[in-house]
Amino acid sequence: MGFGARVASECTEKNGGSLVSSSGAKTAKATWGKTAAWCDYSGTKDGQRIGITLMPGPKNFRESWWHNRDYGVFVANPFGREAMKQGAKSAVSVAKDESLRLVFGAMLHDGRKYDPAAEYQHFQETVISIKE
């Protein structure tokens, strides 16, 4: 799977919400199956601008591809390239007594003066400072 979220129905792209990625793509269709450092999904609920940014860790074993939909779901996924019809089947093996560490971040925001790129920079600095 990966790391995902689903926004409130009122905030979906189908209902006037917006989705943007770190690469500048601006719709679920344009971001689906692409890699990006982060994606932000936001919209308006009860007159308030709200949103969420998902961020795969920069030290994960590979970049995440995005499974984004206009009905409000979005997922950062370092697995499943074949399922997205965009590559060969892959396997990630973890030897006995070893571990696989994946880090993801999420930032809920009210949309006012929010900068997902700046938040990602802060997330990167925080993740880099974590001891392995």
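What are the residues in region 1-42 that are on the phi > 0 side of the Ramachandran plot and either at pLDDT 95 or above or of a type in the set (S, T, N, Q) (or both), if any? Hits for region 1-42 are 16, 24.
Among the residues of region 36-51, those that are part of a strand (DSSP E or B), of a type outside the set (Ser, Thr, Tyr) and surrounded by 19 or more Cβ atoms within 10 Å (Cβ to Cβ) comprise 39, 40, 43, 50, 51. Just wondering, is there one or more residues in region 21-33 that are in contact with a Gly (Cβ under 8 Å, 6 or more places away or on another chain) and either among the β-branched types (Val, Ile, Thr) or in a loop (DSSP other than H, G, I, E, B) (or both)? Taking every residue of region 21-33 in turn, none turns out to be in contact with a Gly (Cβ under 8 Å, 6 or more places away or on another chain) and either among the β-branched types (Val, Ile, Thr) or in a loop (DSSP other than H, G, I, E, B) (or both). Selection of first residues in region 100-117 that are closer than 14 Å to residue 45 by Cβ and of second residues that are modelled with pLDDT of 90 or more and surrounded by fewer than 16 Cβ atoms within 10 Å (Cβ to Cβ), restricted to Cβ pairs under 6 Å at least 6 apart or on distinct chains, gives the following pairs, ordered by first then second residue: 111/49. Within region 19-28, is even one residue within 19 Å of residue 127 (Cα to Cα), of a type in the set (S, T, N, Q) and out of contact with any strand residue (DSSP E or B) (no Cβ under 7 Å at 6 or more places or on another chain)? Looking for residues that are within 19 Å of residue 127 (Cα to Cα), of a type in the set (S, T, N, Q) and out of contact with any strand residue (DSSP E or B) (no Cβ under 7 Å at 6 or more places or on another chain), one finds at least one in region 19-28, hence yes.
The values are calculated or read from the model by the stated rules, or taken from the named source; none is laboratory data. Note that the structure is a prediction, hence the values are computed from the model and not measured. Reconstructed Cβ throughout: ideal geometry from the backbone, glycine too, with neighbour counts over all protein chains shown.
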